[in-house]
Each structure stands twice: as C-alpha cells, then as structure tokens.
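Chemist: Okay, handing you the structure first.
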Amino acid sequence: MLELRQLSKSYNGRPVLANLSWHFKAGEFVSIMGDSGVGKSTLLNLIAGLDTPDANGEAPIVIDGIPMSGLDDDAATRLRRARMGFIFQAFHVLPHLTLLQNVALPLLLNGLPTARAAEMLDAVGLAGREHDFPHQISGGQMQRVAIARALVHRPALVLADEPTGNLDPDTADAILTLLQREIKATGACAIMVTHSQLAAKKTDKILLLSQTGLQETTIVNPFAQ
Ligand SMILES: Nc1ncnc2c1ncn2[C@@H]1O[C@H](COP(=O)(O)OP(=O)(O)OP(=O)(O)O)[C@@H](O)[C@H]1O
C-alpha cells in the first residue's frame, strides 16, 4: 500500500532520516516509536506530503504504486484528499464549523454524499452533539471528532501523530479501540506515532525508529504508560 524506498531527509545538511525502507500493507495498524528527536514526526510529515524528502534519484515514497515525487501539486493534493486521513494537531477541528460540518468536510471536498458524517459521529459516541461547536466539547471528544473526520471518506491510509497524547488512560483506551475498529472495518493502513506503550500495544506491529532505520520490535514494557 505504502512503500518507503531509501527515504532520506536532512535539515540544513544535518541528516534526520537516512535511507529508510519499509513496506506498509493495507489493513495493517502500525505504531512507530523511538527516542525524542529521532525523526518520527518528520517521517509522518514526509508521508503526508507536508514536507519533501531529499532528492536521491529514487522515488522514495510510493503509494498504491504511484511515486509521490512524480505528481504535481494538484495531483498530490487530490491524492491526499481522497486517499489519506490525518489525525494531527496541526489539522485541528475547525472552530467555526459544527461537529457535523467538521466531519463532513472530507466528503464535501471529495464530492461524496455527506450522510456518512452523521453515522461517523454516532460511531464515535457523539450522536446528538452534531450541532455543537468545538468549544462546547472536551479534549477527548475533540479527539473523537478528529478521528471521525479522518476516517469518514474511507481513506486507504490513516496517519496519526500522538492521537492520545493529552488524554487520560481510559479515554485514550476508548479512542484507540475505536480507531482500531474503524481501521479494521474499512481495511485502511494506519500509521501511528506514539510514545505510549499502552497505545502501541493496541496495534498489529510496533516499529522502532532509530539512527539505524526502522525495525520491528516486540519489546513492550507492560508497566510503562
Ligand atoms: N522544519 C525543520 N527544520 C529544521 N529541523 C527540523 C525541522 N523539523 C524537524 N527538525 C529536526 O529534526 C529532528 C527530528 O524531529 P522530529 O520532530 O521528527 O522528532 P520526533 O522523533 O517526532 O520527536 P518527538 O518524539 O520529540 O516528537 C529534530 O532534531 C528536529 O529539530
């Protein structure tokens, strides 16, 4: 579904990611862990197209067989809009739209019927709150709106950066269960960056990012948060 081929990124000549290669499959929920500053968010931003990889002659990011580097801005935007869902702080719920309008946005942008927006709000436990505005709901509820919006158009690839970062353990667990259920229901591939071992344990596969690259790990400390 998503292939990284010798993906590298430097900032001002300082390498952050060097020659990363990995194949992410459809239907897989994967977490990426690793030390602070190792480049996890950078990796997610590169996959999301919010940042550009170093040029190395290869096509370093290939989605469904399509090299991202071969697309012009419009084509890349269309692909992102149709095929990806984001749960990033930077893509926060828009304050002037109701919860229903927020969740319907990806459907509208893709020219799809909007009925599924209400179904998704229901699925995330917010039925009856459709016409509330973001300032009227809690942080955990906001995160559920962000998940509903990220999944409403059935994207093939879901990218999540610390989706349970500021939440209490029970809310975090409920949100991850929901995310897991929706990913399995839609057959999407989801990549979640997290520092939380509890969050990582909910995923099919844990990848550790270090200076030597990505590697699968099963080492999870059951006592750590
Ligand atoms: N736009 C940028 N310009 C310059 N350096 C950057 C930029 N974005 C990230 N970096 C650097 O790249 C490195 C990796 O940052 P990144 O945010 O990807 O790490 P991370 O693994 O997500 O860290 P954390 O777990 O603390 O969030 C850091 O040294 C950071 O300073």
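Chemist: Please work out if residue 8 is surrounded by 15 or more Cβ atoms within 10 Å (Cβ to Cβ), more than 19 Å from residue 194 (Cα to Cα), over 17 Å from the mean Cα position of the chain (by Cα) and touching a residue at least 12 places away in the same chain (Cβ under 8 Å).
Modeler: yes
Chemist: Could you tell me how many of the residues in segment 46-91 are polar (S, T, N, Q) and under 17 Å from the mean Cα position of the chain (by Cα)?
Modeler: Taking segment 46-91 as the starting set, the residues that turn out to be polar (S, T, N, Q) are 52, 56, 69, 77, 89.
Subsequent filtering for residues that are under 17 Å from the mean Cα position of the chain (by Cα) retains 77, 89.
Here the count works out to 2.
Chemist: So which residues in segment 5-41 are touching a strand residue (DSSP E or B) at 6+ places or on another chain (Cβ under 6 Å) and away from the ligand (no atom under 15 Å from the Cβ), if there are any at all?
Modeler: 5, 6, 19, 21, 22, 23, 24, 26, 28, 29, 30
Chemist: Quick test of your reading of the structure: residue 132 fulfils all but one of (1) outside any helix (DSSP H, G or I); (2) closer than 22 Å to residue 44 by Cβ. Name the failing condition by number.
Modeler: All conditions are met except number (2).
Chemist: Quick check: is even one residue across segment 62-85 within 16 Å of the ligand (Cβ to nearest atom) and in contact (Cβ under 8 Å) with a residue 40 or more places away in the chain? Step through it out loud before you land on a result.
Modeler: Initial filter on segment 62-85 (within 16 Å of the ligand (Cβ to nearest atom)): none.
The answer is no, given that none of the residues of segment 62-85 is within 16 Å of the ligand (Cβ to nearest atom) and in contact (Cβ under 8 Å) with a residue 40 or more places away in the chain.
Chemist: Please work out which residue is farthest from residue 181 (Cα to Cα), limiting yourself to segment 196-214 and to residues that are modelled with pLDDT of 90 or more, part of a strand (DSSP E or B) and within 16 Å of the ligand (Cβ to nearest atom).
Modeler: Checked segment 196-214; the qualifying residue farthest from residue 181 (Cα to Cα) is 210.
The values are calculated or read from the model by the stated rules, or taken from the named source; none is laboratory data. No experiment lies behind these values; they were computed from the predicted model shown. Note that each Cβ is placed from the backbone with ideal geometry, even for glycine, and that neighbours are counted across all protein chains shown.
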